[in-house]
Amino acid sequence: MGASSSTEQPVSAEQRELENIAASTGALPLLQKSFSNLSDPQTNAISIQALQQCFHLCYEDPVCESQQKPESFPRLLDHLGSSIVDLFFLSEKGGINWLGFLGGYVKCCGRMSTSMSLNILLRIFAMAVKKLGLSSNLEFEPDAADCKINGSLVPSDLLLLLWMCWAMLWNVRTLKSSERKGNLLLPDINHLVLSAVVACAEVDSSFDLWNCDIVGLDVQLPVGKFLNWAITTAPTLSDCLTQYVNRRLQISVLAEDEAGSSESISGDMSPNASQALLLTCGRAWAISLAPRSTITEEILKLCFSADIVGTDENLLYRSSTHGKGLNRFWSNVEGYHGPLLVLISANSEDAYQDNNKARKWIIGALTQQGFENKDTFYGSSGNLYAISPIFHVFSPSGIPPSRSFDSRSRSMGTWW
């Protein structure tokens, strides 16, 4: 093992540096244990096949909330593990030694900027697409220190990329160590894809957000603009890779009863199970991808609960359950002083005349404390969200309000 060999022979400056970097992330003990478990005692190296299998991800028939489901997605996941290994873990004649194992981990999961971690995520995605036999418009400059990327994505590419990130997180949070396969629920994330389309592509004013075929949409998203969108709207998107790699290494080391907790997935995983709610899995995930807040983890727990319809432990008010009206609303939220997530739905005027032309919106607000009945402003800043049909984060400006206002809504649905 890498750790024990360091006591038997002089440690090189490169190894010492890599071990220090790995230690700064808190992953060095895990890396030492997983290398010992995965490596061949005779060669003191891990075979490429063993490491690829360690990172292999397979879901044969995912359940999809959206009707837009690229058939290639399950096969794309089949190439995730081999893409991670081929890109970052240097193999010598006998396999991947301790130095190559450390270096590979640091390259893909070490401390780095958000833009660099997003670059790495795109490299893995492009490699998996290439292994699948599909074309990609992404081009990488391998000799550049920051691995510059040129080219563009199309909306169907972005859908696959986001689902790949979701699948890694789903695996981290739901799969027990004894399981090699499980069920995968793919959320409807059209609102996230459309957010990137509007921000990155050239679309005219006639673009219909409510009736848009994401898979068939033929527009180009320049990769530079996409990275700017991701840094602004979904800065924690690339966290999925580090969590996934760490979890897979942890499973390779620990027994079933030691592998750490995973969310229990039970209940209705049918595509329509959560569509009646304002806070679906996909919308909750989008909110959690925005800059971290005090209740990000609570929102993530909702994302990875297949029985989201029955998940009401933190629910304070829902109009369909508690009744409509501000009095009903206030009687349920009064006295609560913790962080608060509010979702409100609205319909266009013609929604009541012709259901085929109905245009529905969902907006949200995240505050750091509950509501109080006061005549003066109080509390700290929060975030506003456009959630459906397009996702956007409105961060606080830091400018104090100049006057109070009265907000009224004809219909309200709220999940906390």
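Annotations
- Restricting attention to region 375-395 and to residues that are among the polar types (S, T, N, Q) and open to solvent by 30 Å² or more (accessible area, probe 1.4 Å), the residue that is nearest to Thr236 (Cα to Cα) turns out to be Ser395.
- Residue match in region 274-282 (condition: of a type outside the set (A, V, I, L, M, F, W, C) and at pLDDT 90 or above): yes
- Condition met for Phe101 (in the same structural domain as Leu185 (by the TED database), closer than 29 Å to Gly151 by Cα and open to solvent by less than 20 Å² (accessible area, probe 1.4 Å)): no
- Residues that are modelled with pLDDT of 90 or more and of a type outside the set (A, V, I, L, M, F, W, C), drawn from region 140-156: Asn150, Gly151, Ser152, Pro155, Ser156
- Phe35 being under 26 Å from Leu153 (Cβ atoms) and open to solvent by less than 20 Å² (accessible area, probe 1.4 Å): no
- Filter result for Gln42 (open to solvent by 50 Å² or more (accessible area, probe 1.4 Å) and within 29 Å of Arg75 (Cα to Cα)): no
- Restricted to region 300-319, and to residues there that are surrounded by 19 or more Cβ atoms within 10 Å (Cβ to Cβ) and outside any helix (DSSP H, G or I), the residue that is modelled with the lowest pLDDT is Ala306.
- Counting only helices (runs of 4 or more DSSP H) wholly contained in region 65-156, the ones carrying 3 or more residues that are small (Gly, Ala, Ser) and in contact with a Leu (Cβ under 9 Å, 6 or more places away or on another chain) occupy 98-109, 114-132.
- Within region 283-299, tally of residues that are modelled with pLDDT of 75 or more and open to solvent by 50 Å² or more (accessible area, probe 1.4 Å): 2
- In region 34-64, the residue that is nearest to Met164 (Cα to Cα) out of those that are in a strand (DSSP E or B) and at pLDDT 90 or above is Ile46.
- Hey, Ile84 open to solvent by 20 Å² or more (accessible area, probe 1.4 Å) and of a type outside the set (D, E, K, R) or not: no
- Residue selected from region 11-24 under the condition of a type outside the set (Gly, Ala, Ser), assigned to a helix (DSSP H, G or I) and open to solvent by less than 50 Å² (accessible area, probe 1.4 Å), by the criterion farthest from Tyr105 (Cα to Cα): Gln15
- Residues that are more than 24 Å from Trp170 (Cα to Cα) and touching a strand residue (DSSP E or B) at 6+ places or on another chain (Cβ under 8 Å) occur in region 47-63; there is at least one.
- Taking each residue of region 238-252 that is open to solvent by less than 40 Å² (accessible area, probe 1.4 Å) and looking for partners that are assigned to a helix (DSSP H, G or I) and among the small types (Gly, Ala, Ser) with beta-carbon atoms closer than 7 Å, six or more apart or interchain, yields Ser238/Ser117; Leu249/Ser34; Ser252/Ser34.
The values are calculated or read from the model by the stated rules, or taken from the named source; none is laboratory data. Everything quoted here is computed from the prediction, not taken from an experiment. Cβ coordinates were reconstructed from backbone atoms using ideal geometry, including for glycine residues, and neighbour counts include every protein chain displayed. In case anyone asks, the SASA skips ligands and DNA or RNA and just uses the protein heavy atoms, side chains included. Shrake-Rupley method; radii C 1.70, N 1.55, O 1.52, S 1.80 Å.
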